[in-house]
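Inspection log for the structure reproduced underneath, given as structure tokens.
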Amino acid sequence: MAHQEDHRSHRIGWLRAAVLGANDGIVSIASLIIGVAAAHTSREDILLAGIAGLVAGAMSMAAGEYVSVSSQADTEEADIALEQRHLQEDHEFEFQELAEIYIKRGIQPELAKQVAMQLMAHDALDAHLKDELGIYERITAKPIQAAFTSATMFTLGAAMPLIATFIASTAQIIPIVASFSLFSLAMLGTLAAYLGGANIWKGAIRVTFWGTLAMGLTATAGKLFGIAA
């Protein structure tokens, strides 16, 4: 029976954006709701702040991801164009450069030259992009995918504390939103770690820790600067 390896690096692009979006949605909206509630604000104002935060946050995440990943894509395209020019202007130097990369990895010099020669004969640009620059098609920058994934996951994440706010009584908004959000963060960290093949306990603990810190600080700010109704 053939041995099959289940690598997960092809998930890096969308998984990073998904985890970032969901985590930011839960933490920012839960913190916003808790901070506003700690200032003794009315239930209607708390919900309004949460919904406004969801809309603004989702758009901000989409724009931020698109701009940042587009910058990465622009850099990759510039490197590709530069490498194409180098191959046209000095093919021999590029051959020696690729062979040297393989030698540094532990391949014998003669064999390294043979490998470099065969790979460049097959697809010189692809060989240099992968082995010299580390640009792979499966993990290359995808701005639209990152923007859509991040905004969608932010909305789903932000829905968690909003749902908790809807079902909680005014007096119980802070403990219920905090508990519900921390549970959601723990589940998110566990799922992200599982999909990435990492330690699920570590994944759950780190997102829960930062979520707790964010909610605690915003609750303190709400109490310090809030005006009692």
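The values are calculated or read from the model by the stated rules, or taken from the named source; none is laboratory data. Fair warning: this is a prediction, and the values are worked out from it, not measured in the lab. Here Cβ is always computed from backbone atoms with ideal geometry, including for glycine, and neighbour counts include all displayed protein chains. When the accessible area is computed, the model is the full protein with side chains, heavy atoms only, and any ligands, DNA or RNA have been set aside. Shrake-Rupley method; radii C 1.70, N 1.55, O 1.52, S 1.80 Å.
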Completion exercise
Taking the range 96-130 and keeping only residues that are of a type outside the set (A, V, I, L, M) and under 21 Å from residue 76 (Cα atoms), one is left with 97, 123, 126, 128, 130
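Select the helices (runs of 4 or more DSSP H) contained entirely in the range 8-114, then report the ones holding at least 1 residues which are under 30 Å from residue 173 (Cβ atoms) and more than 16 Å from the chain's Cα centre (by Cα).
Numbers: elements: 12-38, 43-89, 91-104.
Counting at least 1 such residues, we get 12-38, 43-89.
From the list 190, 152, 165, which one is polar (S, T, N, Q), at pLDDT 85 or above and open to solvent by 50 Å² or more (accessible area, probe 1.4 Å)?
Values: 190 fails: open to solvent by 50 Å² or more (accessible area, probe 1.4 Å); 165 fails: open to solvent by 50 Å² or more (accessible area, probe 1.4 Å).
Only one candidate passes the filter, namely 152.
Give the residue that is modelled with the lowest pLDDT, with candidates limited to residues of the range 198-217 that are over 16 Å from residue 31 (Cα atoms) and open to solvent by 50 Å² or more (accessible area, probe 1.4 Å). Break it down stepwise before answering.
Here is the first cut: in the range 198-217, the residues over 16 Å from residue 31 (Cα atoms) are 198-206.
Okay, now just the ones that are also open to solvent by 50 Å² or more (accessible area, probe 1.4 Å), so 198-202, 205-206.
Numbers: 198: 75, 199: 82, 200: 86, 201: 87, 202: 85, 205: 87, 206: 85.
Across the range 198-217, the extreme among qualifying residues is 198.
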